[in-house]
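The values are calculated or read from the model by the stated rules, or taken from the named source; none is laboratory data. Since we're looking at a predicted model, the values are computed, not measured. Cβ placement follows ideal geometry from the backbone for every residue including glycine, while neighbour counts extend to all protein chains displayed.
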Amino acid sequence: MKKSNIVMSSVLVAAMFATAGFAADKAAPKAAKKAPKAAAPASEVAAPAAESSSGEAAAPKAEHRTPYGMAGCGLGSLIIKNHSKGPQIGAWILNVIGYQISAITTGSSNCGITKDDLAMKEQEVFMEVNLSSVAKDAAKGEGEHLSAFAEILGCGQGAELNVFSNLTRDNYSTIFSTSDSKAVLENFRGVIKSNETLASACVRA
Amino acid sequence: MFSTRLLLLCLSLFCLTFLQPTHAQTTPDPVALELGRVQAVIDDPGFDPDHQWEKILYYATNMWGMGRSMVDDPAFFLSKNGKYHSKEELHATIAALFAPVPANSEEQNNHAHCHFPRRESWIIQKTGLNRDLLPKVKCSWFEKWMKGQDYDAASLIFSSSYPNNPSSLFGHTFLRLHRKQSTGVHGHDLLDGAINFSAYPNTSNPLLYTLKGTAGGFPGRFSFTPYYLKVQEYSNTESRDLWEYHLTFSEADIKNMIAAAWEMGLHHINYYYFDENCSEVILHFLQAVRPDLTLTWFKVWVIPSDTVRAVTNTPGLTSGFEYRASALTRFLDKYHKLSDSDRGLVDEITHNNAVPDAMAKLAKLPPDEEARVNDTLIEYIDYDEKLSGTKSAVTFSALRPALLLRRTKLPVLVEAEIKPATADQPDTGHETARLRFGGGALNRTSPFLEAEWRPALHDHMSSNQGYAAGLGIDFFDLNLRYLTKEKRALVDSWALIRILSLPELDAIVRRPAWNLSIGTEADYTCAGKSHESPDYCYRSSIKGGAGLSYPIKPLGLMVFGMANIALGHHTGLNNHLFAEPSLAAGVTLAPRDNLKFEVSVGTAYMAAYRQKGIRYHTLDAHIASAFKRNHELRLDSKRSTLGLSETSLGYLYYF
């Protein structure tokens, strides 16, 4: 009698638990809306495996084109998902047990684009992913996101980096007048061109 | 594609079998001779005594003791039974390496030489296969992928768990590939690469999500991304510290790591949280890179911090670690370095969020001091807003840009490196599975013996060493009791999950304390109805609550109070459902990380359908002493006005 009671109790609790998980997750559908946004730039670079952490994953379909290879090569499509402030109860029950949901979605092209395309894309991607950190470093006059960005532009070493940091700081309000990463990148290029040292040092700007 | 490859394979075997004799009659074909020699080598019973080949194929013993590859994509195998028969797969791989090369340059990418570079390098190393005798294949996809990427070192990265962010309670592990010459040059670590294994959920229905995740319904895949992406994700968005354990891999090992990553590529491993989660797969991946290593062992549950310990406990595999502070850690570090009055100013400005007033107050400070306060404010805003990428501040939408603009006019400060607290170092924590043996007495008259098995992970009374303070998470905790006088064995308690978070944070970043538990436990008073001690009933419930925790630091005390609600089922209430609101308050004293005392009181009202409501009070006391890393003694005592009085002493072993 007692034994059956404990089984019954456990089953009941499991059912309640599942219901609670279901009811609590209002965050997931919201996140799913983000998915099309992630997929769009992926198709732009002919990405065979558009990955989305919360929406409908397109990866298996893509495998017909390239049957194997390493994901994440194409950096052309990256978005940072908006995180709601509170804990996302529904999604977490699996997260708690080592189940990882990526906060940042990468469209992996599996080398649908070439490395040369990548070099051009690299600066855009870097700025898209790191803009708030680059702006902070630029205002302070130093920092690893700023120097990493300078490195991508080709002027991340020694004295050139100092010139770059100072110039960025002096032109802060011009460069960071927008939160559009591509516009910020253009502003950076404009400022670099106006400086003789950097115009020749930042070879990839 | 797979069938094409099979066809090629068959063709090649056909050619080799039938063409060989004709060649042999004239001059022996060196290629055929080499193939025969290599086949003889692998057929030798003494070949590969330590089963390295199985590591290359991600073989693992599953929960039912069966050996098979974790990889679930059939395209990963060249033989029909490759998932279950490693030897068959080895023969097929060798034959495929010798297979004729398609004329079409795109098709060449499907040759085993291009698809399975890690397998090839291992076979060459172990059998002495003469590389020059293999067909010449051009792997344009791989070359394109590797172009411009040059790595010479790697780290195992652990992203810490973080209280109050349930998605990160367990932490996560992944790998960082260091660009050549990137080490030592400050700031450019961000441009390194990251290899990550994670699930790709294909549903957003939370119920399906849970079920599919449990049953392995989601594919898990590797991805290769810039490290800065991971830094933004973990350090800034989720405020999790990163611990970077430097692996002592040679350049040849790094080549093998890249080959292994490519070879595994998009092939999926069904993601089970039990035995094929990120931590477990990363360990298997490291074994595929270095098959001389044995990092995996049978464990019901592999937790990310277990991965770290498996690697750091292997002699000579790591050489120190680097630490990357999260947004919250960066803020707290700066905040605590300020004077009392400047801290007050930070509190005031973030509270009022009024730009002109804030800027006027800041301008009164000397420039260096203003710069430090400004930096602290920015770190606070970035932490609070989880800022990363192109996101703009919402709450502090005007304050952040104003502060940054002002900052450009203030002195450039040299940032001091943030040193992690040694207590937080994940490799120094206790293991995550636990057994407890002990005994005690119910109502002073009925002695019992008990044994507990808890597969994961850490409760808040255990030593903080290696774990976030004030956070406890237990899974599948099962406690069995034997009442010696009554000669009766019973399940004392079983918990699906038990979480308690008592954050020790400063006022400015205070977050609520909260708890959640789902489980079944024996009620020896049968809701106060049983006076013929000891009888027992079962109470099953979902219980959750929130409240406040407040550290009184000079005394090493933490006081907390919580309001809870439990919903459940009680066999002592004629099997009716019940609802039970309750209040609890307590104090924890931790003179050291490994010695804790806790006393708590509670009052509850249990209301069940068609039953008289039951009001009762409780008094609990616990002492825990972790006298060694994996050994602990615990004394627990519970009293309730329903008539319960229980004391038990136990020895806990973590493994």
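Condition test on B:PHE396, is it free of Cβ contacts under 8 Å to residues at least 60 places away in the same chain, under 27 Å from A:VAL129 (Cα atoms), buried (at least 17 other Cβ atoms within 10 Å of the Cβ) and more than 10 Å from every other protein chain (Cβ to nearest Cβ)?
yes
Of all the residues that make up the stretch B:412-440, how many are within 30 Å of A:LYS136 (Cβ to Cβ) and assigned to a helix (DSSP H, G or I)?
Matching residues across the stretch B:412-440 total 4.
For the stretch B:179-193, name all the residues that are within 11 Å of another protein chain (Cβ to nearest Cβ) and at pLDDT 80 or above.
Answer for the stretch B:179-193, where residues must be within 11 Å of another protein chain (Cβ to nearest Cβ) and at pLDDT 80 or above: B:ARG179, B:HIS188, B:ASP189, B:LEU190, B:LEU191, B:ASP192, B:GLY193.
Run B:LEU555 past the list (1) under 20 Å from B:GLY643 (Cβ atoms); (2) surrounded by fewer than 16 Cβ atoms within 10 Å (Cβ to Cβ); (3) not β-branched (Val, Ile, Thr) and report the number of the one that doesn't hold.
For B:LEU555, the exception is condition (1).
When you scan the stretch B:626-638, how many residues do you find that are within 28 Å of the chain's Cα centre (by Cα) and crowded, with 17+ Cβ neighbours inside 10 Å?
From the stretch B:626-638, those within 28 Å of the chain's Cα centre (by Cα) are B:626-634; that's our starting set.
From what is left, the residues that are crowded, with 17+ Cβ neighbours inside 10 Å are B:626, B:632, B:634.
So the count comes out to 3.
State yes or no: is B:THR520 farther than 30 Å from B:LYS334 by Cβ, at pLDDT 95 or above and in contact with a helix residue (DSSP H, G or I) (Cβ under 9 Å, 6 or more places away or on another chain)?
It is true that B:THR520 is farther than 30 Å from B:LYS334 by Cβ, at pLDDT 95 or above and in contact with a helix residue (DSSP H, G or I) (Cβ under 9 Å, 6 or more places away or on another chain).
Listed here are the residues, each with its yes/no results for (1) more than 21 Å from B:ALA261 (Cβ to Cβ); (2) assigned by TED's automatic domain parsing to the domain that holds B:LEU283; (3) modelled with pLDDT under 65.
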{"position": "B:ILE157", "(1), (2), (3)": "no, yes, no"}
{"position": "B:SER160", "(1), (2), (3)": "yes, yes, no"}
{"position": "B:ASN165", "(1), (2), (3)": "yes, yes, yes"}
{"position": "B:LEU177", "(1), (2), (3)": "no, yes, no"}
{"position": "B:ILE195", "(1), (2), (3)": "no, yes, no"}
{"position": "B:TYR200", "(1), (2), (3)": "no, yes, no"}
{"position": "B:THR214", "(1), (2), (3)": "yes, yes, yes"}
{"position": "B:VAL231", "(1), (2), (3)": "no, yes, no"}
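Just give me the residues in the stretch A:147-205 being in a loop (DSSP other than H, G, I, E, B) and either closer than 19 Å to A:SER133 by Cα or in contact with a Lys or Arg (Cβ under 8 Å, 6 or more places away or on another chain) (or both), in sequence order.
Once the filter is applied, which keeps residues that are in a loop (DSSP other than H, G, I, E, B) and either closer than 19 Å to A:SER133 by Cα or in contact with a Lys or Arg (Cβ under 8 Å, 6 or more places away or on another chain) (or both), the stretch A:147-205 yields A:GLY154, A:CYS155, A:GLY156, A:ASN171, A:PHE176, A:SER177, A:THR178, A:SER179, A:ASP180, A:ALA205.
Regarding B:ALA585, is this residue touching a helix residue (DSSP H, G or I) at 6+ places or on another chain (Cβ under 7 Å) and more than 17 Å from B:ASP459 (Cβ to Cβ)?
It is false that B:ALA585 is touching a helix residue (DSSP H, G or I) at 6+ places or on another chain (Cβ under 7 Å) and more than 17 Å from B:ASP459 (Cβ to Cβ).
Provide a single number: the residues in the stretch B:591-617 that are in contact with a strand residue (DSSP E or B) (Cβ under 8 Å, 6 or more places away or on another chain) and more than 18 Å from B:LEU502 (Cβ to Cβ).
Of the residues in the stretch B:591-617, 14 are in contact with a strand residue (DSSP E or B) (Cβ under 8 Å, 6 or more places away or on another chain) and more than 18 Å from B:LEU502 (Cβ to Cβ).
Could you list all residues from the stretch B:639-655 that are part of a strand (DSSP E or B) and either in contact with a His (Cβ under 7 Å, 6 or more places away or on another chain) or surrounded by 17 or more Cβ atoms within 10 Å (Cβ to Cβ) (or both)?
Result: B:SER640, B:SER645, B:GLU646, B:SER648, B:GLY650, B:LEU652, B:TYR653, B:TYR654.
In the stretch A:103-124, is there at least one residue being at pLDDT below 90, among the hydroxyl-bearing types (Ser, Thr, Tyr) and more than 15 Å from the chain's Cα centre (by Cα)?
Restricting attention to the stretch A:103-124, the residues satisfying the condition of being at pLDDT below 90 are A:103-124.
Add one more test, that the residue is among the hydroxyl-bearing types (Ser, Thr, Tyr), and what stays is A:105-106, A:108-109, A:114.
In the following step, the residues that additionally are more than 15 Å from the chain's Cα centre (by Cα) were identified as A:114.
Looking for residues that are at pLDDT below 90, among the hydroxyl-bearing types (Ser, Thr, Tyr) and more than 15 Å from the chain's Cα centre (by Cα), one finds at least one in the stretch A:103-124, hence yes.
Would you please list the contacts, defined by Cβ atoms under 6 Å and residues six or more apart or on different chains, that run from a residue in the stretch A:120-135 that is under 17 Å from A:CYS155 (Cβ atoms) and touching a residue at least 40 places away in the same chain (Cβ under 8 Å) to a residue that is among the small types (Gly, Ala, Ser) and in a helix (DSSP H, G or I)?
Filtered contacts from the stretch A:120-135: A:MET127/A:SER181.
Inspect the stretch B:360-380 for any residue being surrounded by 18 or more Cβ atoms within 10 Å (Cβ to Cβ), in a loop (DSSP other than H, G, I, E, B) and in contact (Cβ under 8 Å) with a residue 12 or more places away in the chain and give the result as yes or no.
No - not one qualifying residue is present in the stretch B:360-380.
Can you list the helices (runs of 4 or more DSSP H) lying wholly within the stretch B:57-151 that have 1 or more residues being polar (S, T, N, Q), away from every other protein chain (no Cβ under 14 Å) and touching a residue at least 60 places away in the same chain (Cβ under 8 Å)? I'd like the intermediate steps shown before the answer.
Working: elements: B:86-97, B:112-115, B:117-127, B:140-146.
Helices (runs of 4 or more DSSP H) meeting the threshold: B:117-127.
I want to confirm something. Restricting to the stretch A:147-190 and keeping residues that are aliphatic (A, V, I, L, M) and surrounded by fewer than 18 Cβ atoms within 10 Å (Cβ to Cβ), which single residue is farthest from B:ALA393 (Cα to Cα)?
Filtering first and then ranking leaves A:ALA159.
Looking at (1) in contact (Cβ under 8 Å) with a residue 40 or more places away in the chain; (2) in a strand (DSSP E or B); (3) of a type in the set (Val, Ile, Thr), which is the one condition that is false for B:THR525?
(2)
Scan the stretch B:130-146 and give yes if some residue there is crowded, with 19+ Cβ neighbours inside 10 Å, of a type in the set (A, V, I, L, M) and under 25 Å from B:ASP50 (Cβ atoms), otherwise no.
The answer is no, given that none of the residues of the stretch B:130-146 is crowded, with 19+ Cβ neighbours inside 10 Å, of a type in the set (A, V, I, L, M) and under 25 Å from B:ASP50 (Cβ atoms).
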